[in-house]
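Report on the structure given below.
The values are calculated or read from the model by the stated rules, or taken from the named source; none is laboratory data. Please read these numbers as outputs of a predicted model, since none were measured by experiment. In this analysis, Cβ positions are derived from the backbone assuming ideal geometry, glycine residues included, and neighbour counts consider all displayed protein chains. Areas reflect the complete protein model, heavy atoms only, side chains present, ligands, DNA and RNA absent. Shrake-Rupley method; radii C 1.70, N 1.55, O 1.52, S 1.80 Å.
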Amino acid sequence: MIAFSHSDTMAEPLAVDGHETSGTSPGTADTPGIELRGVSKKYGQHTAVEPTELEIRDGEFFCLLGPSGCGKTTTLSLIGGFVAPTLGAIFIQGQRVDRLPPHKRNVNTVFQSYALFPHMTVRENVAFGLRMARVDRRETATRVSEALVLVGLEEFGDRMPAQLSGGQQQRVAVARALVRRPAVLLLDEPLGALDLKLRKRLQVELSLIHREVGTTFVYVTHDQEEAMTMADRVAVLNVGKIEQIGVPEEIYKRPRSRFVADFIGESNFFAATVDDGAKGTVVLADGTRVGHAGRELNHGTKSVTLMVRPESIHLFRPQNAPPGSLAARTIQTAFLGSHTRVATECAASQDLVLIAVHSKGELETEVLDADKEVALWWKPDDAVLIEEAGSQKKEAQE
Ligand SMILES: Nc1ncnc2c1ncn2[C@@H]1O[C@H](COP(=O)(O)OP(=O)(O)OP(=O)(O)O)[C@@H](O)[C@H]1O
Ligand SMILES: [Mg+2]
């Protein structure tokens, strides 16, 4: 049985009485699920969230991803109503909510700590919100059962939270949050306390639950793989600012800043100069001219950064070096299971250049040994031009 359908969710918007709205009725096809308009948050002099414009589509699985202290929880708390914005307006399904208390927003939250009531059974925990909302007994029982089926805990209704594993407790928390059919479910690192295997399983389960209920999910994590696994779109945050929003593939393949490239996956960065030479090319520190995927920059010399992923770099013997390849020397080779990582030194980069070799062809086996002269080459389309100069990395704030 499908416990919740999208239309269920839409059919029962929580009444929010007597408050101003934008005039748009909730749930129309093009009304965003959530909108932040110029929203910022300062704690005293400290800016936790810079002025932010954000639209999250109705029904979307949206991830806020970034290092510790970048403002993920604050952004979520602004949507949930646990903190008030310093400036700006927040809309949920077209209705302005930033002056409403949390319980009057059509939103529910799942936190990292499960926060279940220890003295109540699983069923009572899930039923709690419905009891508070004075939903009648029969409907409560039906909806609680549906929610438990949804999270795969239909057999566990009579247990106490202490008799459940961490993953099961977190699924109860999800059931409890969804049973009131909120328009938006906020999840703040809900799998953070679980071990890796269980986390991966629940990532898949949460994606399936999302697909089934059709509710807008806003999911906070600092784990890039988690974000990429689950999200329709990802926003990468850095020091209170959204650096980039996109589908996972776009974020990975076309990072717009050095921070995003560095935070998502492994990257090689090359200092480069744009000159008036061939279009679509830059010159690296060793004088090699290479192509890049990116729009043309303004004329005139300019320092930029070129980013190439380890798996996009191909190894050649020096005598077979294609035009536009870099001379390099292998330093170390490490077998990492799914691929072999070769660390190389080359004059075009101050850092080691890392290469991920996925299949050991005959040629590759030969050049995988340490201390070999090799040539590095990539397709121009795999080199991303980032309009930021400098070799220093932006450090994540701890
Ligand atoms: N109540 C508060 N008073 C003062 N400063 C705060 C408060 N809450 C958060 N901050 C600061 O705001 C910034 C953003 O905090 P936030 O909790 O949103 O980060 P986060 O991205 O969720 O980090 P984490 O991954 O560690 O949970 C941090 O610098 C934090 O110290
Ligand atoms: Mg947080």
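General remarks:
- Here is the figure for the range 329-358: residues that are free of Cβ contacts under 8 Å to residues at least 24 places away in the same chain and farther than 12 Å from Asn268 by Cα total 5.
- Across the range 264-303, the number of residues qualifying as at pLDDT below 90 and within 30 Å of the chain's Cα centre (by Cα) comes to 8.
- Matching entry among Phe263, Phe269, Phe259 (being within 23 Å of Leu187 (Cβ to Cβ) and either within 16 Å of ligand 1 (Cβ to nearest atom) or in contact with a helix residue (DSSP H, G or I) (Cβ under 8 Å, 6 or more places away or on another chain) (or both)): Phe263
- Gly291 vs. criteria open to solvent by 30 Å² or more (accessible area, probe 1.4 Å) and not assigned by TED's automatic domain parsing to the domain that holds Glu60: no
- Qualifying residues in the range 96-108 (those that are open to solvent by 30 Å² or more (accessible area, probe 1.4 Å), in contact (Cβ under 8 Å) with a residue 40 or more places away in the chain and not in a loop (DSSP other than H, G, I, E, B)) - the one nearest to ligand 2 (Cβ to nearest atom): Asn108
- For the range 207-228, taking the residues that are more than 16 Å from ligand 1 (Cβ to nearest atom) and charged (D, E, K, R), the one that is most open to solvent (accessible area, probe 1.4 Å) is identified as Arg211.
- Filtering the range 130-143 to residues that are buried (at least 19 other Cβ atoms within 10 Å of the Cβ) and closer than 19 Å to Thr109 by Cβ leaves Leu130, Arg143.
- Just one residue in the set Phe62, Phe111 is within 16 Å of ligand 1 (Cβ to nearest atom) and modelled with pLDDT under 95; that residue is Phe111.
- Output for the range 34-52, where each listed residue is of a type outside the set (D, E, K, R), open to solvent by 70 Å² or more (accessible area, probe 1.4 Å) and touching a Ser or Thr at 6+ places or on another chain (Cβ under 7 Å): Pro51
- Test result for Glu146, assigned to a helix (DSSP H, G or I), surrounded by 18 or more Cβ atoms within 10 Å (Cβ to Cβ) and among the acidic types (Asp, Glu): yes
- Just one of the listed residues (Val107, Val135, Val174, Val144) is over 25 Å from the mean Cα position of the chain (by Cα), within 25 Å of Phe82 (Cβ to Cβ) and among the hydrophobic types (A, V, I, L, M, F, W, C), and it is Val135.
- Qualifying position, being within 27 Å of Thr216 (Cβ to Cβ) and among the small types (Gly, Ala, Ser), among Gly192, Gly157: Gly192
- Counting the residues of the range 30-80 that are assigned to a loop (DSSP other than H, G, I, E, B) and away from ligand 2 (no atom under 16 Å from the Cβ) gives 10.
- For the residues Arg131, Arg137, Arg96, the requirement of being within 23 Å of Thr216 (Cα to Cα) and not acidic (Asp, Glu) singles out Arg96.
- Boolean, Phe259 is part of a strand (DSSP E or B), crowded, with 21+ Cβ neighbours inside 10 Å and not assigned by TED's automatic domain parsing to the domain that holds Leu54: no
- Pairing residues of the range 71-85 that are closer than 17 Å to His46 by Cα with residues that are near ligand 2 (Cβ under 8 Å from one of its atoms), at Cβ distances under 6 Å and at least 6 apart in sequence or on separate chains, gives Lys72/Val220; Thr73/Asp188.
- Scanning the range 266-285 for residues that are within 16 Å of Asp351 (Cβ to Cβ) and surrounded by fewer than 17 Cβ atoms within 10 Å (Cβ to Cβ) yields Glu266, Ala285.
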